[in-house]
Amino acid sequence: GFSKICLVMEALFGKVCLVDKSGRSFPASTLAANKVVGLYFSAHWCPPCRSFTPVLASSFSTMVGAGKAIQIVFVSSDRDEAQFQEYFETMPWLALPFGERDLKQTLSSKYGVNGIPKLVLLDGETCKVITGDGRNVISRDNTGEHFPWEHFCQDSDEGAKKGGQQLLG
């Protein structure tokens, strides 16, 4: 049932609440209502991130507008809270609060993030990884025609090994 699904998200994020740009908090368990949850590892100081974010934001807004159950969580590698806030302003989704550095490290290790930008797409119900190369998925299917991408990704997961091109700072 739904409560079991909520626990899966809680296992991933612990008791941490996610935030939207207006500062409102949401328990991580609310993510379970989505078919796909993206973890977006990114930072303002990284030029490839700054060029991918508007592409992802436009794609996300299109999919949400079409009724697709997707949510994205920004996991920041920014150098400080001010940079995080400035960059998060440009995003239409949720974020892991900047202060949660330990959890950010845990998620980065869990999903093998060694370069950014990296978009990991998870099944909202099980937290299983659909693909570690969400960037490629979004560039190939920016309107979400193949959403939730389970079969779409099986043929392209080789690309997942080649993550972002910039090491984390």
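Descriptive notes on the structure:
- Residues of the stretch 129-150 with amide N under 16 Å of the 7 Å Cα→Cβ point at ALA11: 129-130
- For the listed residue pairs LYS68/LYS110; LYS21/LYS128; LYS104/LYS128, the alpha carbons are over 21 angstrom apart in LYS68/LYS110; LYS21/LYS128.
- Length gained when the stretch GLU86-ARG50 is fully extended (0.36 nm per residue, less Cα-Cα span): 11.8 nm
- Values of log10 I(q)/I(0), in the order q = 0.11, 0.18, 0.19 Å⁻¹, for the chain under a Debye, Cα-only, solvent-free model: -0.39, -1.18, -1.34
- Only helical runs count toward this figure. For the chain, summing -39,500 (n - 2.57) over DSSP H runs of n ≥ 4 and dividing by all residues gives -10500 deg cm²/dmol at 222 nm.
- ILE72 long-range amide H proximity, modeled H, under 5 Å: GLY38, LEU94
- Extension gain (nm, one decimal) between THR143 and SER61, 0.36 nm per residue minus Cα-Cα: 28.6 nm
- Here the gap between ARG101 and CYS127, fully extended at 0.36 nm per residue and compared with their Cα-Cα distance, gives a gain of 7.3 nm.
Just so you know, all these numbers are worked out from the coordinates, no wet-lab data involved. These figures come from a predicted structure and were not determined experimentally. Cβ coordinates were reconstructed from backbone atoms using ideal geometry, including for glycine residues, and neighbour counts include every protein chain displayed.
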